[in-house]
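Pasting a structure here, questions to come.
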Amino acid sequence: MREEFTFGPLPTRVVFGRGAVKSVRDEVVRAGFSRVLVLSSPGHAESAERLAADLGELAVGVHPHAVVHVPADVADRARAAARDLAADGCVAIGGGSAIGLAKAVALDGPPFVAVPTTYAGSEMTPVWGLTADGRKRTGRDERVRPRTVVYDPDLTDSLPVAVSVTSGMNALAHAVEALYAPDASPVVSLLAAEGVRALTGALPALVHDPGDPVARAAALYGAWLCGTCLGATTMGLHHKLCHTLGGSFDLPHAGTHTVVLPHVLAYNAPAAPAAAAVLGEALGTDDPALALWELAGTLGAPRSLRELGLTDDDVDRAVELATADPYANPAPVTADGLRALLRAALDGHPPVGG
Ligand code: NAD
């Protein structure tokens with residue numbers, strides 16, 4: 001156990017359960033909102049309309065225009081819609097894209113209630129992101145934490161198996177990096193281990209039966225815990241690398257996390273034995289990196305960066321970008337080490353220790 005740590009109480013109110021979406025109205029009232037703008041991705045417009053109908057006179061509009069990585073012009077239009085409608089609160093329903101848009105609005109506009117429908121975990125963090133001129137800027141600001149997060153596993157029944165799997169692996173990455181973060185704590189480690197157990201138990205069951213209600217609830221529960229880990233700690237090499245690959249090479253967010261995670265864990269494990277031990281216990285193995293790589297295979301998830309669009313020629317540039325600024329990581333991040341890691345991930349080879 002760490003002998004020194006700092007721990008703030010968990011900052012976000014959570015309502016969890018099948019049918020919990022029906023409590024959004026109560027949560028909106030509790031937050032003090034009386035004019036609510038409902039935000040979603042275009043694909044979720046119908047759920048957003050349904051939610052607005054449930055809110056009745058409290059809803060003043062639906063804005064189903066969220067786009068992945070929150071382009072600045074999309075954020076500007078959402079802020080303008082909130083202003084024009086004199087909204088004093090938003091409800092974001094959907095994945096990280098809808099929640100990311102609500103965060104962009106909350107930065108200098110009304111706060112929000114989040115209703116997540118994927119396992120990305122953004123709702124539990126104070127991290128916002130905005131993309132302009134091909135560059136994604138991120139920052140931390142407590143104003144972007146939702147007032148309440150309503151987790152309803154029923155809303156995830158429609159999440160396609162392939163998205164469920166990569167989104168779930170994305171969530172696991174938060175727990176893995178929280179375990180060796182410079183600001184880790186024993187409580188966060190407990191959350192991470194429980195999150196890993198819940199998700200790795202649920203994902204194979206979801207592949208077998210995507211409508212399995214017990215597995216859907218367990219996966220969302222695990223995603224909440226892993227998202228909490230993300231919001232409570234500073235991420236290292238894995239998140240830095242995935243941010244680079246997504247931002248500069250246009251690789252898909254969750255799929256990239258899925259492929260990269262076992263390789264970064266193998267790279268970091270020798271320098272983070274306590275984290276590796278917690279993961280080993282949660283996964284029932286003495287090689288958690290290999291276990292995650294095998295899990296991705298069992299789940300039919302992508303295992304190579306090549307299948308996601310990266311090429312041999314991109315590797316050196318990715319290494320350069322990912323080593324440009326220093327950041328906390330248990331193992332030293334060297335160009336040679338990163339090149340070997342990316343080559344293995346490019347071709348879908350099993351992870352090799354750092
Ligand atoms: P997403 O929100 O774009 O959703 C992925 C796809 O799944 C979309 O097409 C969406 O319409 C669809 N979808 C969502 N829920 C569904 C459901 N229940 N049924 C059917 N389809 C559904 O992607 P995501 O993976 O949830 O989030 C990725 C984004 O979130 C990225 O921009 C990432 O950078 C950001 N993110 C931010 C943080 C943070 O702390 N700020 C944390 C994690 C992710």
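The values are calculated or read from the model by the stated rules, or taken from the named source; none is laboratory data. Just so it is clear, the model here is predicted, and its values are computed rather than measured. Please note: Cβ atoms are built from the backbone with ideal geometry, for glycine as well, and neighbour counts cover all protein chains shown. Ligands, DNA and RNA are stripped out before the accessible areas are found, and what is left, the full protein with its side chains, is counted by its heavy atoms. Shrake-Rupley method; radii C 1.70, N 1.55, O 1.52, S 1.80 Å.
Go through Thr166, Thr256, Pro71 and say which Cα lies farthest out towards the positive end of the charge dipole of the chain; charges sit on Cβ, +1 for Lys and Arg, -1 for Asp and Glu.
Pro71
Could you please state how large a percent of the accessible area of the range 13-156 is carbon and sulfur, counting protein chains only and using a 1.4 Å probe?
Heavy-atom surface of the range 13-156 belonging to carbon and sulfur, 1.4 Å probe: 50 percent.
Same structure again: Rank by packing, highest mean first: peptides 320-328, 41-49, 90-98, 225-233, with packing defined as the count of other Cβ atoms within 10 Å averaged across residues.
Descending packing order for the listed peptides: 90-98, 225-233, 41-49, 320-328.
Within the range 311-354, list the residues whose amide N lies under 12 Å from a label point set 7 Å along Cα→Cβ of Ser304.
The answer is 311-312, 344-350.
Report ³J(HN,Hα) in whole Hz for each residue of the range 70-84, in order, from the Karplus equation J = 6.51 cos²θ - 1.76 cosθ + 1.60 where θ = phi - 60°; Gly and Pro get x.
6, x, 4, 5, 5, 5, 4, 5, 5, 4, 5, 4, 4, 5, 4
Can you work out ³J(HN,Hα) from phi for every residue in the range 210-215, in order, using Karplus 6.51 cos²θ - 1.76 cosθ + 1.60 and θ = phi - 60°, giving whole Hz and x for Gly and Pro?
For the range 210-215, the Karplus curve yields x, x, 4, x, 5, 5 Hz.
Cα extents of the range 81-154 along the three principal axes, largest first, in whole Å?
Per principal axis, max minus min of the Cα coordinates gives 37, 29, 20 Å.
Given Cα positions, please report Rg to Rh for the chain, the hydrodynamic radius being the Kirkwood one.
Ratio value, two decimals: 0.96.
Where nothing but the Cβ of Lys and Arg (+1) and of Asp and Glu (-1) is charged, how large is the charge dipole of the range 13-156 around its Cα centre, in debye to the nearest 20?
In debye, rounded to 20, the range 13-156 gives about 360.
A further question on this structure: Would you please state which residues of the range 240-269 a label at Arg339 would reach in this model, taking the label point 7 Å out along Cα→Cβ and a backbone N cut-off of under 19 Å?
Residues 241, 245, 264, 267 fall inside that zone.
Can I ask one more? Take the Cβ-Cβ distance between Thr234 and Arg50 as r, set R0 to 45 Å, and report the resulting FRET efficiency rounded to the nearest 0.05.
So the FRET efficiency works out to roughly 0.75.
Here is a further query. Please give the per residue volume of the convex hull enclosing the alpha carbon atoms of the range 161-347, rounded to a whole number of Å³.
So the per-residue Cα hull volume is 99 Å³.
How much length, in nm to one decimal, is gained on full extension between Thr285 and Asp73, taken as 0.36 nm per residue of separation minus their Cα-Cα distance?
Going from the current span to full extension adds 71.6 nm.
Hey, how many Å between the Cα centroid of the range 146-172 and the Cα centroid of the range 51-94?
Between the Cα centres of the range 146-172 and the range 51-94 lies a distance of 21 Å.
Skipping prolines and chain starts, which residues have an amide H placed within reach, meaning under 5 Å, of the one on Val91, given they are 5 or more residues away or on another chain?
Leu37, Val38, Leu39, Val113
Same structure again: Considering only protein heavy atoms, what per residue accessible area in square angstrom results for the chain with a 1.4 angstrom probe?
Computed with neighbouring chains in place, this is 41 Å² per residue.
Next up: Length gain on complete extension for the stretch Arg137 to Phe16, per 0.36 nm per residue less the alpha carbon to alpha carbon distance?
Stretched out fully, the Arg137 to Phe16 stretch lengthens by 40.4 nm.
Considering only Thr323, Val214, Thr200, whose Cα is most displaced toward the positive end of the charge dipole of the range 161-347, charges sitting on Cβ of Lys, Arg (+1) and Asp, Glu (-1)?
With unit charges placed on the Cβ atoms, the residue in question is Val214.
Enumerate the calculated ³J(HN,Hα) couplings along the range 4-11 in order (Karplus 6.51 cos²θ - 1.76 cosθ + 1.60, θ = phi - 60°), each rounded to whole Hz, writing x wherever the residue is Gly or Pro.
Residue by residue, the range 4-11 yields 9, 6, 10, 9, x, x, 4, x Hz.
What are the semi-axes of the equivalent ellipsoid of the range 13-156, taken as the square roots of 5 times the eigenvalues of the Cα gyration tensor, listed largest first and rounded to whole Å?
Working from the Cα gyration tensor, I get semi-axes of 21, 16, 14 Å.
Skipping prolines and chain starts, which residues have an amide H placed within reach, meaning under 5 Å, of the one on Val14, given they are 5 or more residues away or on another chain?
Val149
Got a sec? Charge dipole of the chain, +1 on Cβ for Lys and Arg, -1 for Asp and Glu; which of Ala31, Leu342, Phe5 is way out at the positive end?
Of the options given, the answer is Ala31.
Assign unit charges at the C-beta atoms only (+1 for Lys and Arg, -1 for Asp and Glu), then state the dipole size of the chain relative to its Cα centre in Debye, rounded to the nearest 20.
Dipole of the chain, to the nearest 20 debye: 680 debye.
Oh, and also: So what's the net charge close to Ala205: Lys and Arg +1, Asp and Glu -1, counting the other residues with Cβ under 10 Å from its Cβ?
Once positives and negatives cancel, what remains is -1.
Related question: Nearest 500 deg cm²/dmol is fine: what mean residue ellipticity at 222 nm does the chain get from its DSSP H runs of n ≥ 4 alone, each adding -39,500 (n - 2.57), divided by its residue count?
Computed ellipticity for the chain at 222 nm equals -16000 deg cm²/dmol.
Between the range 1-42 and the range 309-331, what is the separation of their alpha carbon centroids in Å?
Going from one Cα centre to the other spans 35 Å.
Would you kindly state how much longer the chain becomes between Ser158 and Asp183 on full extension, computed as 0.36 nm times their sequence separation minus their alpha carbon distance, in nm to one decimal?
5.4 nm
Rounded to the nearest 0.05, what FRET efficiency do His65 and Phe5 give with R0 = 45 Å and r taken as the Cβ-Cβ distance? Could you check?
It comes out at approximately 0.60.
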